[in-house]
1. Here are the criteria: (1) in a helix (DSSP H, G or I); (2) open to solvent by 50 Å² or more (accessible area, probe 1.4 Å); (3) out of contact with any helix residue (DSSP H, G or I) (no Cβ under 7 Å at 6 or more places or on another chain). Tell me which single one Ala342 does not satisfy.
2. Give the residue, chosen from Ala173, Ala202, that is in a helix (DSSP H, G or I) and within 22 Å of Asp72 (Cβ to Cβ).
3. Restricted to segment 190-236, and to residues that are on the phi > 0 side of the Ramachandran plot and at pLDDT 95 or above, which residue is surrounded by the fewest Cβ atoms within 10 Å (Cβ to Cβ)?
4. For the structure I just gave you, tell me whether Gly307 is on the phi > 0 side of the Ramachandran plot and out of contact with any Phe, Trp or Tyr (no Cβ under 7 Å at 6 or more places or on another chain).
5. Counting only residues that are open to solvent by less than 30 Å² (accessible area, probe 1.4 Å) and among the charged types (D, E, K, R), how many does segment 16-49 have?
6. Those residues that are under 21 Å from the mean Cα position of the chain (by Cα), at pLDDT 95 or above and assigned to a loop (DSSP other than H, G, I, E, B), I need them from segment 15-37; list them, please.
7. Give me a count of the residues in segment 356-387 that are touching a Ser or Thr at 6+ places or on another chain (Cβ under 8 Å), open to solvent by 20 Å² or more (accessible area, probe 1.4 Å) and modelled with pLDDT of 95 or more.
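The values are calculated or read from the model by the stated rules, or taken from the named source; none is laboratory data. If you're wondering where the values come from, they're calculated on a predicted model, not measured in any experiment. Note that each Cβ is placed from the backbone with ideal geometry, even for glycine, and that neighbours are counted across all protein chains shown. We work out accessible area using only protein heavy atoms, side chains counted, and drop any ligands, DNA or RNA first. Shrake-Rupley method; radii C 1.70, N 1.55, O 1.52, S 1.80 Å.
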Amino acid sequence: MTLPKEVSLPPATGAWREGDPPGRRRWYRAERPLALEAGGELPGVRLAFETWGRLAPDASNAVLVLHALTGDSHVAGAAGPGHPTAGWWDALVGPGRPLDTDRWFVVAPNVLGGCQGSTGPASARPDGRRSWGGAFPFLTQRDQVAAEAHLADALGVARWALVVGGSMGGMRAVEWAVSRPERVGALLLLATTAAASAEQIAWAQIQTGAVRADPHWQGGDYHDTGRGPHAGLGLARRLAHVTYRSEPELRTRFGRAPQGSEDPLRGGRYQVGSYLDHHAAKLVRRFDAASYVVLSEAMNAHDVGRGRGGARAALRRVGAPTLVAGVDSDRLYPLAQQAELATLIPSADRLRVIGSPYGHDGFLLETDQVAALVRQILGPAVTRPGGR
């Protein structure tokens, strides 16, 4: 499978690399190697992050926003140098918005293993080599949260007023609340799960297999070759995007219509195929294939109950007021997974349902409904101990 010929691709990766415009990013640099759950350690860890608003003198107004698989730290703001796309939750963060930056200090890190400024496969190695490539170690959500906890320490945040995340970000939010319950004042979980399911693992394994099957993968050591596994990453994105949306939406938007004057009976595309080509081309221009593999495998490893007596025992550790919401048309993270979280977290309110035709992506697109949940969970934060 190839990408449209007119697409201009980066030489090998869409990752942010040294020398690129920093944009709004700031960096936290760890003083010591990070011990990893699967064994070994990762030296030279740094996390890119962005902030909005100002931290209160007592550090009680900090909110942690955790992004999904191909997101990054640029939650709010315009596209521009250093930021290939506009903020992915721009409608929620800013003065007068649900995460009101006149009131809250909002922090969004790029996940460890990511490709937009945090240490990942495209990053330079401490020994001077330009990239980790295929030598980058296996990460879990627990490793990623451990790195984020070090960032919180560096910022002077002992306790988040709110931790919020959807999909992969929701996995890390769950892990924060279970592993560090004293550091989470409130919790908002969107379209996520206590553990990756067999079907979710299967979809991800197909996608990582597509990347690795690309002849330009080269065992992950492609970053400085001038040619990356764009076809494999594009195929992975096409497959993933179908799981992110719903069948009724695709049927209503595209049906069986051809793309423009193209004739599918003579090698042309259907509109839905052109749509998937578009999203594949966008991703390979702003993301890194090896990060896609590393993060997908970390998601597959997500199981909040591992080594803790199972999900029920682990989730009993959560003490923060919690809202759990799912999307009614989500076929990748079905509502049953969010219902389990809402049932097993003792401090959780009833399950909330986001009505949307957009499937899993509804947690990103239905900003009015998500805004109402943010306002609901943050309202009592003002009067909680340690709140403003």
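1. In the conditions (1) in a helix (DSSP H, G or I); (2) open to solvent by 50 Å² or more (accessible area, probe 1.4 Å); (3) out of contact with any helix residue (DSSP H, G or I) (no Cβ under 7 Å at 6 or more places or on another chain), Ala342 misses (2) alone.
2. Numbers: Ala202 fails: within 22 Å of Asp72 (Cβ to Cβ).
So the residue among Ala173, Ala202 that is in a helix (DSSP H, G or I) and within 22 Å of Asp72 (Cβ to Cβ) is Ala173.
3. First, the residues of segment 190-236 that are on the phi > 0 side of the Ramachandran plot: 191, 218-220, 226.
Still in the list and also at pLDDT 95 or above: 191, 218-220.
Values: Ala191: 28, Gln218: 16, Gly219: 10, Gly220: 20.
It comes out as Gly219.
4. Values: on the phi > 0 side of the Ramachandran plot: yes; out of contact with any Phe, Trp or Tyr (no Cβ under 7 Å at 6 or more places or on another chain): yes.
The answer is yes for Gly307.
5. Matching residues across segment 16-49 total 2.
6. Across segment 15-37, the qualifying residues are Ala15, Trp16, Pro22, Gly23, Arg24, Arg25, Leu36, Glu37.
7. The total comes to 5.
Condition check ((1) surrounded by fewer than 16 Cβ atoms within 10 Å (Cβ to Cβ); (2) of a type in the set (Asp, Glu)) across all residues:
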| residue | (1), (2) |
| --- | --- |
| Ala257 | yes, no |
| Asp277 | no, yes |
| Ala313 | yes, no |
| Ser329 | no, no |
| Gln337 | no, no |
